[in-house]
Amino acid sequence: MLSIQHLLYDSRQLTDPTTTLFFAIVGQRNDGHQYIESLYQKGVRAFVISDESYKVHEDATYFLVENTVTALQQLVIAHRQQFDYPVIGITGSNGKTIVKEWLYQLLHPDLKIIRSPKSYNSQIGVPLSVWKMDATHELGIFEAGISQVGEMNNLAPIIDCQIGIFTNIGSAHNEGFTNQTQKISEKLQLFENTETLIYCQDYDLIHRAVTSKNIKTFTWSKHQAADLQITSIKTETSQTIISAFFDEHKVQIQIPFTDEASIENAIHCWAYLLLKKYPLDTIQNRMLQLESVEMRLELKKGIHHSVLINDSYNADLESLRIALHFMQQQSNRTSKTVILSDIQQSGLDHDSLYQEVAQQINNNHIQRFIGIGSSISRIKPFLNTPIESHFYKNTDTFLNQINETDFTNQAILIKGARVFQLDKITNRLSRKVHQTVLEVNLSALEHNLQQYTNVLHSKTKVLVMVKADAYGCGSIEVARLLEQKNVDYLGVAYADEGVKLRQAGIQTPILVLNSEQVVFENMIAHDLEPEIYSLLQLKQFIAAVPPNKKYPIHLDVDTGMKRLGFDTEDLDELCEILKLYNDRILVKSIFSHLAASESAEQDAFTEQQIQRFLDNYARIVQVCKHQPDRHILNSSGILRFPQYQMEMVRLGIGLYGSDSSQLIQPQLKSVVRLTATISQIKTIKANETIGYSRKGKLPNGGRIATISIGYADGLLRRAGNGRHQVVVQNQLAPIIGNVCMDMCMIDVSHIPKAKEGDIVEVFGNHVSIEQLAKSMDTISYEIFTNISDRVKRVYFME
């Protein structure tokens, strides 16, 4: 008899094969059925499939369905119906995850709560979250997000909420709906059977849509009569006082946040507590204790050549699974250490809890386990014998007793509840480097990849460029993510870039765009595939190919770029060589480069290039014994010339959040954020000068801040003298005077709260990299690739 505890759709996240049911989900570019055999070899014996040809093992159980995603959702609907404790459902454009996590913080002292891990709010994420419900829980909190019409109809019966919260409406996923009214109507389907819906009346479109339906509501507003009427919001240095009328009484809370989004999210939570008649003093105490919600896993360099994965702000079973998966994805080190605190409020008894934690540790091939807290030592009997384990009462005890050299050349996951202050461990084990930081958002990169693949034909392959250290973002970290996402090819400029990826364990095919005779032997040794662009280079490479070996190559034909590539007059001799050495080389693809695919003014030339490419391909393919792939489209070309996607496209700058065509720029996310810190603040008198050559002046005097970034970090001198503005405390501050080698000065006269140690954004969330490029009279490519190696890279997944 089958005993199913775990539902799986990503084969890489397998933990317990004997109790797993795998759903072979068929996506636009990936078919889960292809992973069935490898899962079977690992011990999985239960599969939900939509292709009967995969029923091949007599000792496995197969459930044949029309649609595996629908089957997953229907299974969890039946599971949800077993439990009658209340569930809170949350939707909206922004704030869903924060509201969910804050409700958990506010309510967990009283209730055993099951909630969505991180932002699991999709067609797959919601059922996986609700599947975790069991009889030990007393409340469920789940969020739901949609991107197109019809999706909420699938999620509503899975969540089946008694209390609803509609956070707000914004522009997220607008492309999937006719207008905002339609999007609101779709989201409201979550609350068709809800007993009470909490929302803000100040969102007029939401208010009109809700009042047209027969839904009992609890409303709040800053501007009109409501169940919770906000009367004043006073922001101080690090907290906000919110006053209101409720039930004909004055009520008030303080929260340790000052930004508008946090204030709105907190009021939603306040409304819920009032609705459930929590005592006012309890509400006030708990709202004041709200903690920021860390939405990301952070990857950074550690001491002694180690790598740290920092998730030191929360600890539960599902987020542990996510963190361990990220650890496996982003590190090929054989030695792995997990530092984990006690897990609190899990709803399980200690033995059941730590047996499940141990199972995750065992299945992820961890070599060393370090526990922090009073109960975590209960895991020891459940850990596999080879795993080295150590336990400490608290973080300070651990820090006082460790030998830092024990953390050499390791991948180290640091994870725990905020109360254990594991961030102290992260700080201790982090490599101390320059305080200028380039943050690389791997979740945003994954999102951008999806935006481009959404516009591709289902059979069009993707070659992603990771040259120039993945545009300054870190080629190894980016390549590991791309490999996890099953891209077809990676592209690098030079052989040593490809060798670096191979040495890091990357197995995806790699095309080297600039290969010379001196590196051919090394390329072949590391299974790197060359771009061949000239007759001489082709002859040299054939001579380098070992006897009795047929090696893949890619032919570059010049159709108008006038950079590299075979000219038309070369083709006769090229074809003769290909015929002669057909047993030594395999032409995997033939391609060309567009000179101006982003420019509508150059479309006629682009069309000429494409036609010239097709003509040249037709000549070359006659001497090949197969059909090599064709590719000519770059990031802009993918969007502007979809009719020429052919067998493969090349994705470059678009992956990193910059769309030269501007066709999908609003849908792309910023991948990188460059920050510095304020080193010192000075008061400047009228007519004093600032910086080298005395270029900087404040005619009326004022305050300047020296920040820790200069042209040696990648902020070139052209950004100085007011041409670029950075962001301090959400306000723009212009660069004053010339940019120095290691620092520059900014005008903070209008930012009285600016202080030494403040984070300064050079580009990222508030100022785009395109704005910086414009101020420097250059292009975003140059900004990306000029960021110095001494700038610390920090990678994170949301």
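The values are calculated or read from the model by the stated rules, or taken from the named source; none is laboratory data. Just so you know, these numbers come straight off a predicted model, no measurement behind them. Because the Cβ atoms are built from the backbone with ideal geometry, glycine has one as well, and the counts that use them run over all protein chains shown. Remember, those area values only see protein heavy atoms, side chains included, never the ligands or the DNA or RNA. Shrake-Rupley method; radii C 1.70, N 1.55, O 1.52, S 1.80 Å.
Mind counting the residues in the stretch 520-565 that are outside any loop (DSSP other than H, G, I, E, B), surrounded by fewer than 18 Cβ atoms within 10 Å (Cβ to Cβ) and either free of Cβ contacts under 8 Å to residues at least 12 places away in the same chain or in contact with a Leu (Cβ under 7 Å, 6 or more places away or on another chain) (or both)?
5
Between a first residue in the stretch 713-729 that is open to solvent by less than 70 Å² (accessible area, probe 1.4 Å) and a second residue that is assigned to a helix (DSSP H, G or I), which pairs have beta carbons less than 6 Å apart while being 6 or more apart in sequence or on different chains?
Cβ pairs passing all conditions: G714/N786; A719/S775; H724/L772; H724/S775.
Considering only residues that are in a loop (DSSP other than H, G, I, E, B), more than 21 Å from I664 (Cα to Cα) and not hydroxyl-bearing (S, T, Y), which ones fall in the stretch 146-168?
G150, D160, C161, Q162, N168 - these are the residues of the stretch 146-168 that are in a loop (DSSP other than H, G, I, E, B), more than 21 Å from I664 (Cα to Cα) and not hydroxyl-bearing (S, T, Y).
Here's the yes/no breakdown for (1) open to solvent by 30 Å² or more (accessible area, probe 1.4 Å); (2) at pLDDT below 95; (3) of a type outside the set (A, V, I, L, M, F, W, C); (4) in contact with an Asp or Glu (Cβ under 9 Å, 6 or more places away or on another chain):
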{"position": "V126", "(1), (2), (3), (4)": "no, no, no, yes"}
{"position": "V130", "(1), (2), (3), (4)": "no, no, no, yes"}
{"position": "D134", "(1), (2), (3), (4)": "yes, yes, yes, no"}
{"position": "S147", "(1), (2), (3), (4)": "yes, yes, yes, yes"}
{"position": "A156", "(1), (2), (3), (4)": "no, no, no, yes"}
{"position": "I163", "(1), (2), (3), (4)": "no, no, no, yes"}
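Say whether the condition of being modelled with pLDDT under 85, touching a helix residue (DSSP H, G or I) at 6+ places or on another chain (Cβ under 7 Å) and not basic (K, R) is met by at least one residue in the stretch 294-308.
yes
Considering the stretch 347-381 alone, what residues qualify as being open to solvent by less than 30 Å² (accessible area, probe 1.4 Å), part of a loop (DSSP other than H, G, I, E, B) and out of contact with any Asp or Glu (no Cβ under 6 Å at 6 or more places or on another chain)?
Those that are open to solvent by less than 30 Å² (accessible area, probe 1.4 Å), part of a loop (DSSP other than H, G, I, E, B) and out of contact with any Asp or Glu (no Cβ under 6 Å at 6 or more places or on another chain): G347, N364, I366.
Determine which member of the set V492, V464, V499, V437 is at pLDDT 95 or above, within 20 Å of the chain's Cα centre (by Cα) and among the β-branched types (V, I, T).
V464
Which of the residues belonging to the stretch 614-639 are polar (S, T, N, Q) and more than 25 Å from S660 (Cα to Cα)?
N616, Q622, Q627
Suppose we keep only residues that are under 15 Å from D227 (Cα atoms) and more than 38 Å from the chain's Cα centre (by Cα) within the stretch 245-280. Which one would you say is least open to solvent (accessible area, probe 1.4 Å)?
So, considering only residues that are under 15 Å from D227 (Cα atoms) and more than 38 Å from the chain's Cα centre (by Cα), the one least open to solvent (accessible area, probe 1.4 Å) is V251.
Just need a number here: residues in the stretch 38-86 that are open to solvent by less than 50 Å² (accessible area, probe 1.4 Å), under 30 Å from H137 (Cβ atoms) and part of a loop (DSSP other than H, G, I, E, B).
5
State yes or no: is N94 at pLDDT below 95 and open to solvent by 50 Å² or more (accessible area, probe 1.4 Å)?
For N94, the condition - at pLDDT below 95 and open to solvent by 50 Å² or more (accessible area, probe 1.4 Å) - is met.
Scan the stretch 54-70 and give yes if some residue there is on the phi > 0 side of the Ramachandran plot and either of a type in the set (F, W, Y) or free of Cβ contacts under 8 Å to residues at least 40 places away in the same chain (or both), otherwise no.
No: the stretch 54-70 contains no residue that is on the phi > 0 side of the Ramachandran plot and either of a type in the set (F, W, Y) or free of Cβ contacts under 8 Å to residues at least 40 places away in the same chain (or both).
Given the criteria in a loop (DSSP other than H, G, I, E, B), open to solvent by less than 80 Å² (accessible area, probe 1.4 Å) and under 30 Å from M797 (Cα atoms), does I709 qualify?
Yes, satisfied.
Of the residues N409, N384, only one is open to solvent by 70 Å² or more (accessible area, probe 1.4 Å), touching a residue at least 12 places away in the same chain (Cβ under 8 Å), in a loop (DSSP other than H, G, I, E, B) and under 26 Å from L481 (Cα atoms); which?
Answer to the selection: N409.
What pairs come out if I take residues in the stretch 453-470 that are over 23 Å from N786 (Cα atoms) and aromatic (F, W, Y) and pair them with residues that are part of a helix (DSSP H, G or I) and modelled with pLDDT of 95 or more whose C-beta lies under 7 Å away, six or more apart or interchain?
Every condition considered, no pair remains.
Do we have L674 as in contact (Cβ under 8 Å) with a residue 40 or more places away in the chain, assigned to a helix (DSSP H, G or I), farther than 18 Å from Q611 by Cβ and not β-branched (V, I, T) here?
No: the conditions fail for L674.
Pull up the stretch 577-601, narrow it to residues that are outside any loop (DSSP other than H, G, I, E, B) and touching a Leu at 6+ places or on another chain (Cβ under 9 Å), then point me to the one that is nearest to G637 (Cα to Cα).
My answer is F591.
Quick one: would you say L107 is open to solvent by less than 10 Å² (accessible area, probe 1.4 Å) and touching a strand residue (DSSP E or B) at 6+ places or on another chain (Cβ under 8 Å)?
yes
Which residues, counting only those in the stretch 195-214, are in contact with a helix residue (DSSP H, G or I) (Cβ under 8 Å, 6 or more places away or on another chain), within 13 Å of S185 (Cα to Cα) and open to solvent by 10 Å² or more (accessible area, probe 1.4 Å)?
Once the filter is applied, which keeps residues that are in contact with a helix residue (DSSP H, G or I) (Cβ under 8 Å, 6 or more places away or on another chain), within 13 Å of S185 (Cα to Cα) and open to solvent by 10 Å² or more (accessible area, probe 1.4 Å), the stretch 195-214 yields L205, A209, K213.
Can you pull out the residues in the stretch 642-688 that are more than 25 Å from the chain's Cα centre (by Cα), over 30 Å from N700 (Cβ atoms), buried (at least 18 other Cβ atoms within 10 Å of the Cβ) and not polar (S, T, N, Q)?
Those that are more than 25 Å from the chain's Cα centre (by Cα), over 30 Å from N700 (Cβ atoms), buried (at least 18 other Cβ atoms within 10 Å of the Cβ) and not polar (S, T, N, Q): Y644, M646.
Any chance you could count how many residues in the stretch 467-508 are open to solvent by less than 50 Å² (accessible area, probe 1.4 Å), of a type outside the set (G, A, S) and within 25 Å of T334 (Cα to Cα)?
17
Quick check, is N310 under 30 Å from N409 (Cβ atoms) and under 18 Å from the mean Cα position of the chain (by Cα)?
yes
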